[in-house]
Amino acid sequence: DYYTMLGVKKNADEATLKKAYRKLALKMHPDRNPPEKKEQAEKDFREMSEAYHVLSDPEKRKIYDQFG
């Protein structure tokens, strides 16, 4: 679930989404993780970025909320 991934509620506004994304991006960015965890960090970062891009776009978010 994208909301869970970003740690926000379903009624989160744009500012809340952006704040959560930036906080996670700093933590999960592959360059900020040790080399042995870089591959997993890249995967997690891509998934988290996808979640943010869907939820931050009103049209995509509406579709996601309807169909998951």
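Only the coordinates and a few stated rules stand behind these numbers; no lab work does. None of the values given here were measured: they were computed from a predicted structure.
Here are some notes:
- Per residue of the chain, the DSSP helices (runs of n ≥ 4 H) give a summed -39500 (n - 2.57) that works out to -22000 deg cm²/dmol at 222 nm.
- Mean Cα-pair separation over length for the chain, i.e. relative contact order, pairs under 8 Å, 6 or more apart, %: 34 percent
- The chain - Rg and Dmax from Cα coordinates, angstrom: 12.6, 39
- Couplings 3J(HN,Hα) of segment 22-39, computed from phi: 4, 4, 5, 4, 5, 6, 9, 4, x, 6, 9, 10, x, x, 6, 10, 5, 4 Hz, in residue order, whole Hz [Karplus 6.51 cos²θ - 1.76 cosθ + 1.60, θ = phi - 60°; x for Gly and Pro].
- Net length gained if the chain between Met5 and Lys60 were fully extended (0.36 nm per residue, minus Cα distance): 18.2 nm
- Our compactness index for segment 29-68, the C-alpha radius of gyration over the empirical 2.2 N^0.38 Å, is 1.49.
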